[in-house]
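Data first, discussion second: the structure below is written as structure tokens.
Just so you know, all these numbers are worked out from the coordinates, no wet-lab data involved. Predicted model only: the values in this text are computed from it and were never measured. Neighbour counts run over all protein chains shown; Cβ positions are idealised from the backbone, glycine included.
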Amino acid sequence: MSENEDSLFFNSDFFDEDLFENMMIQKKSEKATKTQKLELLEFIGGFEKWEFLPDDCKMYVIGFLNYWTRKTPPFKCTPQQISSVRGDFTNPKIVTTALFQISNSNSQKEYEKIVKKVMKRVKRNVETLEVDWKTNPEGLEIEKLDKLKYLKMNFWKSESVEFWLSRLNSEIALEEFILQCWEVLNFEQLDYPSILNAASFFVPKNIVMSDEQFLRMSNRKSLFRADTLSSKVLMEFVRKWVDDEIREDFEQLTVWTKKNFVKDIFENLDSYNFNVVQYDYGRWNIPLYREFFSHFEKFGYYGKFWQFSKRNDPFNSISLLITRQNFVVLRTGFPCFKNGRQDVKLVFPEDILFCNIYF
């Protein structure tokens, strides 16, 4: 920090107002020392262009700083002013973003107090919520998360998941659902309309589910691990897409599994009566689609690859890749015109869900 920035940041009396809890400063009238301010500056990441902000914007930023959460709520600065600040700030266009990450176990009581206070404040208006902790704080009370669109959770215990999912609005499917959990999950813990119909479903931990439960899921794109599904139900999913029984905007299904379906599905494919073409994608020896097939190597080098067309529309198709560890369906074939004739163009989708899962 330059000398000018140092003066601007540390010599404001407003900086000291309500910044530290009494537990940080023993005397309520005592101001924070420069050392304490430096510690806070390092903690929140600092402000690279502090000197360019107008005084009213500085006052809002400083006044709302919270040492424990490293967060600020929406403050009255222009988008240009906001973009010039480097920090963990909530964009006013997003109603509320709650992210709690405190690793110091000695501050657990203070941590839980902050969580309860913040959740009480946002009530039903939160649209984006990120929860990252071992277990839910005792006595946490939340009625409903009626407007929630984006939910990301990281738990040690799977039992903590249901507390949040049970408070979702069943009439609104989430735009994005991400769940990391140290324990194996049961389908019943995720059995909520907002989750099963979420546009994006990302749960890299193993989910115990039946074939019938799997067919209840209706996501635009999904990635999860499931060792309990049969090859028959996975091919039933393909059949449903071929026969226009899957949501129109479907993009991706990736199931990681310990089961090796390659031989089983390859030997029984003819019984399904599909309009399908098999490609030797591992060799990428088709000039027109060399780049297209190369995108699939992230899923594995060894497997079987097919292109399935819709039963009533041969110019729309999906790709199916089956490796020793996953079952991947991607929406890739789209109608186009080549040399004045209708044809199919293979396009690898952007922004697919992906992660490596090690068994």
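The slack between residue 260 and residue 233, meaning 0.36 nm per residue of separation minus the straight C-alpha distance, is 8.3 nm. How many percent of Cα pairs in the range 132-238 exceed 17 Å? Across the range 132-238, Cα pairs with separations above 17 Å total 53 percent. The calculated FRET efficiency for the pair residue 324 and residue 125, based on their C-beta separation and a Förster distance of 41 Å, comes to about 0.30. When each of the peptides 220-231, 146-157, 332-343 is scored by how many other beta carbons lie within 10 Å of its residues on average, the order from highest to lowest is 220-231, 146-157, 332-343. The convex hull built on the alpha-carbon positions of the range 211-347 has an orientation-averaged projected area of 8.2 nm². Extension gain, residue 243 to residue 134, is 34.9 nm, computed as 0.36 nm per intervening residue step minus the present C-alpha separation.
How would the range 289-328 be classified by its alpha-carbon gyration tensor: rounded, prolate or oblate, with rounded meaning a/c under 1.5 and the a/b versus b/c comparison settling the rest? It is oblate, given that a/c is not under 1.5 and a/b is not larger than b/c. Along the Cα-to-C-beta direction of residue 152, a point sits 7 Å from the Cα; which residues of the range 341-359 have their amide N less than 17 Å from that point? From the range 341-359, the list is 351-356. For the pair residue 338 and residue 297, the difference between a 0.36 nm per residue extended length and the Cα-Cα distance amounts to 12.0 nm. Normalised by the number of residues in the range 187-295, the average gap of Cα pairs under 8 Å and 6 or more apart makes the relative contact order 21 percent. Divide the volume of the convex hull around the Cα atoms of the range 189-269 by the residue count and you get 91 Å³ per residue.
Residues of the range 205-242 falling in the label zone of residue 162, defined by backbone nitrogen less than 15 Å from a point 7 Å along Cα to beta-carbon, are 208. Counting every Cα pair in the range 150-208, what percent are over 15 Å apart? Cα-Cα pairs in the range 150-208 separated by more than 15 Å: 40 percent. Each of residue 270 and residue 348 was given a label point 7 Å from its Cα along the Cα-to-Cβ line. The distance between the two points is 3.3 nm.
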